[in-house]
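The structure under discussion appears below in the form of structure tokens.
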Amino acid sequence: MEQIKLKASLRETGGKQSAKKLRSQGLVPAVVYYHGDESVSIMVADKEISKIIHLAGGENVLINLTIENEKKAKPRAVIIKEVQRDPVKRSILHVDFNEISLAEKITVEIEIVAQGESIGVKQENGVLDHPLRMIKIQCLPVDMPKNIIVDVSNLKLNQSIHVKDLALSDKIKVLTDPELLLFHVKLHVEEVVEEVAAQTPELEVIREKKEEETPAAGGKAGAEKPKEELKKEAAKPEKK
């Protein structure tokens, strides 16, 4: 794998305010770790590190890091360990590098990328399922791939590709379970939503209330006295 060159400068750790000041100057605070014990605080140009992350493949890139004003004149071979971003702007806030030995094998996660359109999708009303997108491998830094491209164009309906089906270099050891599923073409089924005709509860309540308030057909005449009887009662003299 080709090494990408990156220049950096030593920096003094000064907390959040110091880091904020660096970012305003177009610099990103970073740390280089070696075997998890030693660490060096550095700063890199935001423009340069962004280019590496976005255009060159991000974390699975072998970087030739030169730190200016450092006693150790020889460039360091590093890979990106972690990138911290602003949750809203997505700008880079901080980067952690791991220094590695080119003679020692490293363990990294590599992205699985589909290439082509499968027969099952084009001709058999299928849809391509891609459940596992990263696998773990072990290799020398110079043999580390940017990603693993898998040709899925020959996949028919109900056919699959597993981790064990990957054709990789003998220099790469796969650590992920070989039986795990990478790709599968399944039948595309459209969901049919059935509309159920139902009365609105509010209308039912109003209807029931009206029915309760309306008296029976013969009940109104029995409940109210005829007008003639009312007149007779009004004409009767009061008993003294």
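The values are calculated or read from the model by the stated rules, or taken from the named source; none is laboratory data. Computed from a predicted model, the values in this text were never measured in an experiment. Every residue, glycine as well, gets a Cβ built from its backbone with ideal geometry; the counts of neighbours run over all protein chains shown.
Which condition number in (1) without any contact (Cβ under 8 Å) to a residue 60 or more places away in the chain; (2) in contact with a strand residue (DSSP E or B) (Cβ under 8 Å, 6 or more places away or on another chain); (3) not in a loop (DSSP other than H, G, I, E, B) is the one that residue 131 fails?
(3)
Answer with yes or no whether residue 82 is surrounded by fewer than 16 Cβ atoms within 10 Å (Cβ to Cβ), more than 25 Å from the chain's Cα centre (by Cα) and not aliphatic (A, V, I, L, M).
no
Here are some residues: 127, 95, 113. Which one is in contact with a helix residue (DSSP H, G or I) (Cβ under 7 Å, 6 or more places away or on another chain) and surrounded by fewer than 16 Cβ atoms within 10 Å (Cβ to Cβ)?
Residue meeting the stated conditions: 127.
Of the numbered conditions (1) over 26 Å from residue 54 (Cβ atoms); (2) modelled with pLDDT of 95 or more; (3) of a type in the set (A, V, I, L, M, F, W, C), residue 189 fails exactly one; give the number of that condition.
(2)
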